[in-house]
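Scroll down for the structure; my scribbles are underneath it.
The values are calculated or read from the model by the stated rules, or taken from the named source; none is laboratory data. No experiment lies behind these values; they were computed from the predicted model shown. Every residue, glycine among them, receives a Cβ derived from its backbone with ideal geometry; neighbour counts consider all protein chains shown. The protein model used for the area step is the full one, side chains on, heavy atoms only, and it has no ligands, DNA or RNA in it. Shrake-Rupley method; radii C 1.70, N 1.55, O 1.52, S 1.80 Å.
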Amino acid sequence: MLLGSAGYIVWSYGKHRNRISALAYTDPLTQEGNFASVKEVYATMTNGPKYLVAMDIARFSIVSIDRGRIGSNNIIIEIWQLIKAALGKRDMGCHAEHDEFIMCIDCASREALEEKLNNLDLSIQALAKRIGVPSLRAYFGVVELSPKDDLEARLLEAYQAKHDVKKTKLSNIGYFSTANTEALKEKEKLLAAVPEALEN
């Protein structure tokens, strides 16, 4: 009896551990791999995708207000289906949170990458028109990857590139640049110094 109980405990613990492990690598909305799973696959690749892309949807908060949580979640899932359809065999992607997505894309050049991203943006705009929601526009922040890069650190740079391009609105695709980041920091320092300079 004691052995039987011990066996059940071991089996139950193993099942519970597997479930926790599955949850750690699964996005709760799409029920597919999350960024943790993308990172794990990337770490095993000797020659992985060339670009890391952070994407979000401009003005999606309007859709959330209009359609509510369930309705907006359904639209996010539809956008994820469009992203999956756009990804190639060596590409990876996942839903991050809210209206944000992450992609690792293997393209030979920036021109090829931009064509893929612009086509994805057009398909998202077509989706908005089909389901009758305000115009949706995808914005992308891009970082060029080197083999064995730390995706977590590079993702912060992709987010920075996306943030910068959304501010300028000159394009919907922005590339991370150390020079741009330094210029932004310098501008912030100058703005912070303005009140004291006026007082003096």
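If R0 is 22 Å, the Cβ-Cβ spacing of residue 129 and residue 65 corresponds to a FRET efficiency of close to 0.70. Computed from phi, the 3J(HN,Hα) profile of region 112-127 under the Karplus parametrisation 6.51, -1.76, 1.60 (θ = phi - 60°) reads 5, 5, 5, 4, 5, 5, 5, 5, 5, 4, 5, 5, 6, 5, 5, 4 Hz, with x in place of Gly and Pro. Against the criterion of solvent-accessible heavy-atom surface with a 1.4 angstrom probe, 95, 163 sort, most first, into 163, 95.
Projected label points at residue 153 and residue 97, each 7 Å from Cα along the beta carbon direction, are separated by 2.3 nanometres.
Do the alpha carbons of any pairs in 50/116; 39/84; 50/169 sit beyond 19 Å of each other, and which pairs?
50/169
For region 161-167, 3J(HN,Hα) computed residue by residue from phi via the Karplus equation (6.51, -1.76, 1.60; θ = phi - 60°) reads 5, 5, 4, 5, 5, 5, 6 Hz, glycine and proline entered as x.
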